[in-house]
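The values are calculated or read from the model by the stated rules, or taken from the named source; none is laboratory data. Quantities reported herein were computed from a predicted structural model and do not represent experimental measurements. Glycine also receives a Cβ, built like all others from the backbone with ideal geometry; neighbour counts cover every protein chain displayed.
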Amino acid sequence: MPDRLGEVDELFEVTREIASRLTRIFVRDEHGRRPVYGGTEKFQADPHWRDYILFYEYFHGDNGAGLGASHQTGWTGSVARLIQMFGYMDATKFLEAGRRAAVQYRQVAKAGA
């Protein structure tokens, strides 16, 4: 039987990599530029705008520049949660949080029945 923790570690690392690729669109690179803003200098350099993150409708496939509506709060807004989650959680904490949530769900469901 495979080591279950090893499987969780691998799945967690795959998940972390996908989250990292998504968040890199919004995080400053080594030159201080955010791919999401492409060549829009106002958002890249202006001190009044450069720290505001816009969540676009979709993104350029080659450079990550935001396209379409810039006020989306759908899936692109979830990137903020990914940054938060992977900033403090490792595979073990992730698994434990899932276990706690499952136990709480069962308790609530049993109480409501």
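What tally of residues in region 11-69 results from selecting those that are charged (D, E, K, R), free of Cβ contacts under 8 Å to residues at least 24 places away in the same chain and either in contact with a Ser or Thr (Cβ under 9 Å, 6 or more places away or on another chain) or closer than 30 Å to residue 92 by Cα (or both)?
We begin by selecting, within region 11-69, every residue charged (D, E, K, R); these are 13, 16-17, 21, 24, 28-30, 33-34, 41-42, 46, 50-51, 57, 62.
Checking the rest, the ones that are also free of Cβ contacts under 8 Å to residues at least 24 places away in the same chain come to 17, 21, 28-30, 33-34, 41-42, 46, 50-51, 57, 62.
Okay, now just the ones that are also either in contact with a Ser or Thr (Cβ under 9 Å, 6 or more places away or on another chain) or closer than 30 Å to residue 92 by Cα (or both), so 17, 21, 28-29, 57.
Here the count works out to 5.
Would you check if there is a residue in region 89-107 being at positive phi and at pLDDT 85 or above?
No, that holds for no residue.
Could you please find all residues in region 84-93 being in a helix (DSSP H, G or I) and surrounded by 15 or more Cβ atoms within 10 Å (Cβ to Cβ)? Walk me through it before giving the result.
Kept after step one, since they are in a helix (DSSP H, G or I), are these residues of region 84-93: 84-88, 91-93.
Of everything in region 84-93, those that are in a helix (DSSP H, G or I) and surrounded by 15 or more Cβ atoms within 10 Å (Cβ to Cβ) turn out to be 85, 86, 91.
Scan region 59-69 and tell me whether some residue there is surrounded by 10 or more Cβ atoms within 10 Å (Cβ to Cβ), under 23 Å from residue 14 (Cα atoms) and in contact with an Asp or Glu (Cβ under 8 Å, 6 or more places away or on another chain).
no
Would you confirm whether or not region 34-44 contains a residue that is at pLDDT 90 or above, basic (Lys, Arg) and surrounded by 13 or more Cβ atoms within 10 Å (Cβ to Cβ)?
Yes, region 34-44 contains at least one residue that is at pLDDT 90 or above, basic (Lys, Arg) and surrounded by 13 or more Cβ atoms within 10 Å (Cβ to Cβ).
In region 52-62, which residues are under 15 Å from the mean Cα position of the chain (by Cα), farther than 15 Å from residue 29 by Cα and assigned to a loop (DSSP other than H, G, I, E, B)?
Within region 52-62, 54, 56 qualify.
Every residue, every condition in (1) part of a helix (DSSP H, G or I); (2) within 22 Å of residue 32 (Cβ to Cβ), yes or no:
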| site | (1), (2) |
| --- | --- |
| 47 | no, yes |
| 50 | no, yes |
| 69 | no, no |
| 79 | yes, yes |
| 95 | yes, no |
| 100 | yes, no |
| 105 | yes, no |
